[in-house]
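These notes are about the structure you will find just below.
No value in this document is a laboratory result; all are computed from the given coordinates. What you see is a predicted model; the values in this text were computed from it and never measured. Glycine gets a Cβ as well: all are built from the backbone with ideal geometry, and neighbour counts include every protein chain shown.
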Amino acid sequence: MEPSSPGERIVPMRLQRFLARAGVASRRGAENLMSAGRVRVNGEVVRELGSRVEPLEDVVCVDGREVRLGEDPAYLMLHKPAGYLSTMRDPRGRPTVAELMPLADYPGLFCVGRLDKDTTGLLLFTTDGDVAQRLLHPSFEKEKRYAALIDAPLSARAKRALEQGVALDDGPAAPARVRVLDAREREEVPFALGKEPDGAMAVELTIHEGRKHQVKRMFKAVGRKVLALHREAFGPLELGDLAQGSWRALTGDEVRLLRAL
Ligand code: URA
């Protein structure tokens, strides 16, 4: 789960939309400004209404004064479905989480960390590189709560090993909090799995590291295979009942909690 780089993908937006978002005028008003030849992009007058700009790169001026989008960073969470890569662009053209996000409205949005392709659950997006760095930096690593469906019951000994910190090939995992979910709790987790095999068990695991395939490797270290994995919480953020494949902007309180980290 390596950090993704801020600004991995900048989506061009229509000039009139850019002007409206920057608070210069309504969309219609912006079109009038363009038609009147009052808008320049990188020094060139642009009258054509379908023209697009790269919001973080192009210099847009109205009547000779530079216009920028508001500086307020965006913070959104996605309920990631299985089958999508946690990246903003895949050179091989496979489905990515970027397809599920309103990139045209939030230029410069990127995902904070990664979930495996088959993992579901909470994935945070932001345009705020500082907050992303703080959330991902090993010295700040925040708690992440997962529900894992494993192939067979967890023995008391295996549970204790996870709680004490199992050995992984890239160094010991820090102690985890482990809780076996009861039938009612298990029902509420939208595991991406067809028929559940006999003997499978649902376990909640809370860790505060984010190494690659960490949860799957931790269970493997105690002889269990993860059949399905779902992230329920990331730092102070809870996925709650956000529908799979949907996103929402964080509330003011959630943003304050993130910034206070
Ligand atoms: N641990 C994993 O093994 N996979 C994920 O997607 C997240 C945590």
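Once C-alpha pairs closer than 8 Å and six or more residues apart are averaged by separation and normalised to the residue number of the chain, the relative contact order reads 22 percent. For the chain, modelled as a GNM whose springs connect Cα atoms under 10 angstrom apart, the maximal fluctuation among 28, 224, 160 occurs at 28. Loop-located GluC sites (Glu not before Pro) in segment 50-108 (DSSP state not H, G, I, E or B) with no more than 12 neighbouring Cβ atoms inside 10 Å: 57, 71.
The antiparallel fraction among DSSP beta bridges confined to the chain stands at about 95%. When the chain is described by a simple charge dipole with +1 on each Lys and Arg Cβ and -1 on each Asp and Glu Cβ, the residue from 61, 221, 208 located farthest towards its positive end is 221.
Both the radius of gyration and Dmax for segment 143-234 are 12.2, 36 Å, in that order, over alpha-carbon atoms.
Charged side chains reduced to their Cβ positions (Lys and Arg at +1, Asp and Glu at -1) give segment 13-66 a dipole of some 300 debye around its Cα centre. Computed about its Cα centre, the charge dipole of segment 100-224 is approximately 420 debye, with only Lys, Arg, Asp and Glu carrying charge at their Cβ. When the chain is treated as a GNM with alpha-carbon contacts under 10 Å, the residue of 93, 199, 29 showing the greatest mean-square fluctuation is 93. Taking the Cα centre of the chain as reference, the dipole from Cβ charges on Lys and Arg (+1) and Asp and Glu (-1) amounts to some 300 debye.
For the pair segment 195-245 / segment 14-85, the C-alpha centres are spaced 40 Å from each other.
Taking only alpha carbon atoms, the chain gives an Rg to Rh ratio of 1.09, where Rh is the Kirkwood radius.
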